[in-house]
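All remarks here apply to the structure that follows.
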Amino acid sequence: MPDIHIINSTDSSLHISFSIAVPFLYKNDLSPGETAVFHLASIPHTFEARLPKGGNEFSSGETWKKAEELGIAVASGTAAILAGTAWALGSIPFFGRSPAALAGAGMAWNNAHTYGAKYGTCGDGTVLKVDHLLIPFHDKFYEIKKEENRFALVDHDG
């Protein structure tokens, strides 16, 4: 597993993280000019950078919250599909094809949508998000730069 170096070449401190579904490796308060090193698997990750705003640091609490949101969305979506299918086939004992069974599937679907939307929301102060950042099989250097008021993750190697 390679070491991935992230250089903060901006004039601001940043909170940064790598995620696979949820943020699992992070460095808060990466100072201008400072480099953070992460030992990562060579698979796609999501990279996120935030400007510090009181209380928006990456944390294990945020990781668990994101995992909960994702879990509820998936479980609710699965329940909605199963309930809707069972309703369509008329195979729910005592309900058959009753409107209550269909309403239950609809409520589960709405719950899946609500929690999926919460899961997909970036944290406060997010200035950069890179989805599907493929981690190579060798050590790599990236820079966070700010050009024309936009933050970018730049391949430092080239």
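The figures follow:
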read-out: Tabulated pairs, the range 38-62, first in contact (Cβ under 8 Å) with a residue 24 or more places away in the chain, second open to solvent by 70 Å² or more (accessible area, probe 1.4 Å) and not in a strand (DSSP E or B), C-beta under 6 angstrom, 6+ apart or interchain; value: HIS39/MET1; ALA41/MET1; SER42/PHE137; LYS53/ASP124; ASN56/ASP124
read-out: Restricting the range 111-129 to residues that are touching an Asp or Glu at 6+ places or on another chain (Cβ under 9 Å) and open to solvent by less than 40 Å² (accessible area, probe 1.4 Å), the residue that is farthest from ASN8 (Cα to Cα); value: GLY116
read-out: Residue within the range 76-89 that is open to solvent by 30 Å² or more (accessible area, probe 1.4 Å), within 20 Å of the chain's Cα centre (by Cα), over 30 Å from ILE144 (Cα atoms) and of a type outside the set (D, E, K, R) present; value: no
read-out: Residue tally, condition within 20 Å of LEU30 (Cα to Cα) and either of a type outside the set (A, V, I, L, M) or part of a loop (DSSP other than H, G, I, E, B) (or both), over the range 140-158; value: 12
read-out: Residues being free of Cβ contacts under 8 Å to residues at least 60 places away in the same chain, over 18 Å from the mean Cα position of the chain (by Cα) and open to solvent by 50 Å² or more (accessible area, probe 1.4 Å) - total across the range 9-30; value: 1
read-out: Selected residue [open to solvent by 40 Å² or more (accessible area, probe 1.4 Å), within 30 Å of ILE16 (Cα to Cα) and of a type outside the set (Phe, Trp, Tyr)] from GLU62, GLU48, GLU68; value: GLU68
read-out: Condition met for LEU51 (more than 22 Å from LEU134 (Cβ to Cβ) and aliphatic (A, V, I, L, M)); value: yes
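The values are calculated or read from the model by the stated rules, or taken from the named source; none is laboratory data. Note that the coordinates shown come from a computational prediction; the quantities given were computed from them, not determined experimentally. Using ideal geometry, Cβ is built from the backbone for each residue, glycine included, and neighbour counts are taken over all protein chains shown. In case anyone asks, the SASA skips ligands and DNA or RNA and just uses the protein heavy atoms, side chains included. Shrake-Rupley method; radii C 1.70, N 1.55, O 1.52, S 1.80 Å.
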